[in-house]
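For reference, the structure discussed in these notes is given below.
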Amino acid sequence: MSEQSMSDESTAAQATSKQVDAVVIYSGGMDSYTVLHKAIREGLNVHALSFHYGQRHSKELDVAAAVCKELGVPHQVVDIRSINTLLAGSALTSDIDVPDADYAEANMKATVVPNRNMILLSLAIGYAVSLEAKAVWYGAHSGDHAIYPDCRPEFVEAMNTVSHLANYEPIDVVSPYLYQSKADILADGLAMQLDYSRTWTCYNGRELACGHCSACRERLQSFAAHGVTDPLQYESA
Ligand code: ZN
């Protein structure tokens, strides 16, 4: 093959596969839905990455797939269930009851998955390197700081440093709402006129959201704080 034809081929490849700017960790929930849209609004060419970690139900992943299809965003779902044999029980994946009270620290410690964000970010960073992307975006926020050590600013900053050390290509770890609350994220999403009926938050996987679990309560409180009705349908009280 001549040098000329090789260069023609690489030009053609560039024309058909656009540079990927960022991998967005996207669960199908409200926060990552907002992060996904924020990245797109900033003009980034994104790939969405979801994890099947043994959720009690697939509602979030189903919603995530549907949203990505609508947006024309490439969406990768990676099945990491086999790692659960290494990790102690969390209520999100095992038979422990999901706390039904408010989003209080003691209750929510039952939902901690050991080393969760370090594992997920590691995989996402590797995916970003493979795609020749520049960054991984994810939706840590201040409301989780008290409960989840791996949502705190010092963790995110350290992961960003490690990501730069671990690869030839520096991948930035970007958490745009790190210092903001869940309600702030919703405010930003409402300002972007996002349709939050295209998200799933409830810990239960029934057809409609339960409205009573800690995730539903926190979600409803966020909407109430803005005086806005949650467009998601709930089971009648
Ligand atoms: Zn619920």
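For the reader, a short list of remarks on this structure follows.
- The condition of being open to solvent by 20 Å² or more (accessible area, probe 1.4 Å), at pLDDT below 95 and over 21 Å from H52 (Cβ atoms) holds for only one of H141, H145, that being H145.
- Among the residues of this structure, C151 does not count as one that is of a type outside the set (D, E, K, R), within 26 Å of D79 (Cβ to Cβ) and within 16 Å of the ligand (Cβ to nearest atom).
- Hits in the stretch 200-221 (condition: in a loop (DSSP other than H, G, I, E, B), crowded, with 17+ Cβ neighbours inside 10 Å and more than 8 Å from the ligand (Cβ to nearest atom)): W200
- Scope the stretch 54-74; condition closer than 26 Å to D172 by Cβ and open to solvent by 50 Å² or more (accessible area, probe 1.4 Å); matching residues: L71, G72, P74
- Subset of the stretch 168-198 that is in contact (Cβ under 8 Å) with a residue 40 or more places away in the chain and in contact with a Leu (Cβ under 7 Å, 6 or more places away or on another chain) - its residue that is nearest to the ligand (Cβ to nearest atom): Y196
- Counting the residues of the stretch 29-53 that are open to solvent by 40 Å² or more (accessible area, probe 1.4 Å) and at pLDDT below 95 gives 1.
The values are calculated or read from the model by the stated rules, or taken from the named source; none is laboratory data. Keep in mind it's a predicted model, so treat the numbers as computed, not measured. Quick reminder, even Gly has a Cβ in these numbers, built from the backbone with ideal geometry, and neighbours come from all protein chains shown. We work out accessible area using only protein heavy atoms, side chains counted, and drop any ligands, DNA or RNA first. Shrake-Rupley method; radii C 1.70, N 1.55, O 1.52, S 1.80 Å.
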